[in-house]
1. In a Gaussian network model over the chain where Cα atoms closer than 10 Å are linked, find which of Ser132, Ser102, Ser203 has the largest mean-square fluctuation.
2. Express the relative contact order of region 97-233 as a whole percentage, based on alpha carbon pairs under 8 Å and six or more residues apart in sequence.
3. Among Ala19, Asn58, Ala114, pick out the residue whose Cα is farthest towards the positive end of the charge dipole of the chain, where Lys and Arg carry +1 and Asp and Glu carry -1 on C-beta, about the Cα centre.
4. Give a residue-ordered list of calculated ³J(HN,Hα) values for region 156-172 (Karplus: 6.51 cos²θ - 1.76 cosθ + 1.60, θ = phi - 60°; whole Hz; x for Gly, Pro).
5. From the C-alpha coordinates alone, can you work out the Kirkwood hydrodynamic radius of region 157-233, in Å?
6. Give me the distance between the Cα centres of region 117-135 and region 137-170, rounded to whole Å.
7. Relative contact order (percent) for the chain, with alpha-carbon contacts under 8 angstrom and 6 or more residues of separation?
8. Shape of region 3-125 from its Cα gyration tensor (a ≥ b ≥ c, root eigenvalues): rounded if a/c is under 1.5, otherwise prolate when a/b > b/c, or oblate?
Amino acid sequence: MDNGFQERLEGIRRRMDGACARAGRDPASVRLLPVSKTFGPEAIRQAAEAGLDVFGENKVQEALAKIPLCPGRLHWHLIGHLQSNKIRPAVRLFETVHSADSIGLLERLDAACAEEGRRMDVLLQVNVSGESSKHGLRPEEARAAAERANALPNLVLKGLMTIPPALPESEQIRPHFRRLRELRDGLRDALGIPLEELSMGMSHDFETAIEEGATWIRVGSALFGVRTRGEEP
Ligand SMILES: *Cc1c(COP(=O)(O)O)cnc(C)c1O
């Protein structure tokens with residue numbers, strides 16, 4: 001039993017509320033996505049007992065093994081790159097995909113959803129910094145992908161996601177969050193759909209992300225503790 005969990009959760013909630021107050025935002029407009037990757041069913045059960053019911057995982061393989069061992073009422077979001085050969089299990093396991101990063105993937109997700117008889121919420125992952133090591137659409141590719149996602153019958157395009165460069169100061173990261181929000185605003189106007197979700201901000205920068213408009217913050221280590229297995233996004 002990890003006695004620090006409740007305390008860490010409360011600390012994160014306080015910081016979320018503080019960031020909302022600074023930005024003049026309604027705290028209900030920002031949701032915490034606990035990132036449980038590398039942590040086992042026991043840690044997740046404890047988080048569920050603390051009231052959390054949506055979790056983020058970055059690998060389909062890990063989720064396949066873990067989710068059946070977790071309480072059945074939980075909801076799961078995929079936040080990592082989805083390989084073509086894992087699409088079918090991903091559609092069975094995850095409610096939402098934050099990391100849709102190509103038109104081909106959107107089309108294959110839509111087809112798998114049709115076969116499974118369901119609809120799926122998706123966010124487009126955009127590589128706003130242009131780092132070559134990162135997955136994600138280039139900003140100039142986002143419009144075509146958003147139009148395609150919007151046209152696919154089994155996908156519901158909810159917004160955008162980004163993983164900014166790992167810079168030491170949150171003020172250095174702020175422009176990347178701002179760029180994602182501006183990109184979303186432009187797409188929303190161009191396509192005439194709400195695109196209300198901005199999935200951005202992790203353990204070290206979620207307050208800045210909230211100040212810039214995040215609606216989902218993806219928090220792993222600040223909540224569950226340091227990961228022993230290297231799992232950088
Ligand atoms: C691991 C991961 C996170 C959480 O990272 P922390 O720094 O532990 O909060 C967020 N987003 C993605 C895509 C990740 O892979």
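No lab work stands behind these numbers, since they all come straight from the coordinates. Given the structure is predicted, the values throughout are model-derived calculations rather than measurements. In this analysis, Cβ positions are derived from the backbone assuming ideal geometry, glycine residues included, and neighbour counts consider all displayed protein chains.
1. Ser132
2. Numbers: 228 pairs, mean separation 27.5, N = 137.
Relative contact order of region 97-233: 20 percent.
3. Of the listed residues, the answer is Ala114.
4. Residue by residue, region 156-172 yields 10, 7, 9, x, 10, 9, 9, 10, x, x, 7, 9, x, 10, 5, 5, 6 Hz.
5. On the way: mean 1/r = 0.0762 Å⁻¹.
So the Kirkwood estimate lands at 13.1 Å.
6. Each part's Cα centre sits 5 Å from the other's.
7. Numbers: 410 pairs, mean separation 48.3, N = 233.
The value is 21 percent.
8. Details: a/c = 2.48, a/b = 1.46, b/c = 1.69.
Oblate, because a/c is 1.5 or more while a/b does not exceed b/c.
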